[in-house]
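A short write-up of the structure that comes next.
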Amino acid sequence: MKQLVLNNKHVSLGAKMVPFAGFNMPVQYEGVNAEHDTVRNGLGIFDVSHMGEFLVTGEGALDLIQAVTSNDASKLSDGKIQYSCLPNDKGGIVDDLLVYRVSDVEYMLVVNASNIEKDWDWINKHNTFGANMRNISDDYCLFAIQGPKAKDALQTLTKVNLEGMAYYTFAIDQFAGVEDVIISATGYTGAGGFEIYVFNNDAEKVWDAIMKAGAEYNIKPIGLAARDTLRLEMGYCLYGNDINDTTSPIEAGLSWITKFSKSFVNSSALKNQKEKGVSKKLVGFELIDKGIPRHDYEIVNAEGKNIGIVTSGTMSPTLKKSIGMGYVSTELSSLNSEIYIKVRDKNLKAKVVALPFLSSAVK
């Protein structure tokens, strides 16, 4: 079990630590609902240093990224970020990821912690372009400072104009007196904020500076459990739940990051799938009957016939409703379709709703 660089700090802050993706991670501090509300309405900080980072450089860097990712990275300019996925050759997804363009010959890929080794092997397997690759995952800590107060709190720590940073852009500059920090206008909460990549040796100094700068905004540390409820309210996919090696980006509603203006792994099959349609789709739903949907619960139609499976579900702390996502047969995927969630042998009525569940997201 790997330890975060700031493991002892989280323990001292009262975190409940659990194994996750091979790391000992803080799942919660004061409680999921309280932490969720802190981020939605104020300011929270997550230690998500378990995430993986690959540096791809050289003349063949873009060609490699274009070959293995579904989105069109040629549209990126310096300082821009793109959400994408790594399709496999069987119609599924190796992983979803972020692509950062530092320059035309330098990119950073940010991947899920549980898939670091798998992604590294997959990308290397397709590196026939002479691109240089470095796995820098163990060199960096990553802090996500999320919430509507994030810009105000962090602006005191850098000369970079945070108010002027567009969503999905980044800068490499001084932050909290530390050089070469990656300041990224991204997040997994829909509450607004930034993600800060910092070398391990500077991690504690930067964390402490963020906590000090955020004190007047009542900043609090936030765990993985609230991160999950926050992302679900936004309808953001979680790898291993909503997408995996067997779900295609077309089925998962990720056509918007699947660009057929170029050739990439399995692109012809995915293009055919998009043109001819799919038999199942990932949808959002809310329960009408009382209950809470959970991962792997069965979804049935009015006659009790299986039509799919719940991939993510919770009681939304913001909406005070039971919400979830799951794959259902295409004929029952349209808005307001009546579906049922099988909970302990009871079929609870639900309806398909638009994503995101929370329409007032901050970017």
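In the range 166-194, what count of residues is obtained for those that are surrounded by fewer than 23 Cβ atoms within 10 Å (Cβ to Cβ), closer than 15 Å to LEU43 by Cα and not small (Gly, Ala, Ser)?
2
Of LEU270, LEU282, which residue is surrounded by 14 or more Cβ atoms within 10 Å (Cβ to Cβ), among the hydrophobic types (A, V, I, L, M, F, W, C) and within 27 Å of ASN33 (Cβ to Cβ)?
Only one candidate passes the filter, namely LEU282.
What tally of residues in the range 229-248 results from selecting those that are outside any loop (DSSP other than H, G, I, E, B) and buried (at least 22 other Cβ atoms within 10 Å of the Cβ)?
5
I'd like to verify a number: residues in the range 274-293 that are of a type in the set (Val, Ile, Thr) and within 21 Å of the chain's Cα centre (by Cα), how many?
So the answer is 1.
Determine, yes or no, whether SER334 is among the polar types (S, T, N, Q) and loosely packed, with under 15 Cβ neighbours inside 10 Å.
Yes.
Using beta carbons and a limit of 7 Å, which pairs, at least six apart or on different chains, have the first residue in the range 272-293 and assigned to a helix (DSSP H, G or I) and the second one surrounded by fewer than 19 Cβ atoms within 10 Å (Cβ to Cβ)?
Pairs that qualify, where the first residue is assigned to a helix (DSSP H, G or I) and the partner is surrounded by fewer than 19 Cβ atoms within 10 Å (Cβ to Cβ), are LYS274/SER255.
Just so you know, all these numbers are worked out from the coordinates, no wet-lab data involved. Please read these numbers as outputs of a predicted model, since none were measured by experiment. Note: ideal-geometry Cβ built from the backbone for every residue, glycine included; neighbour counts use all protein chains shown.
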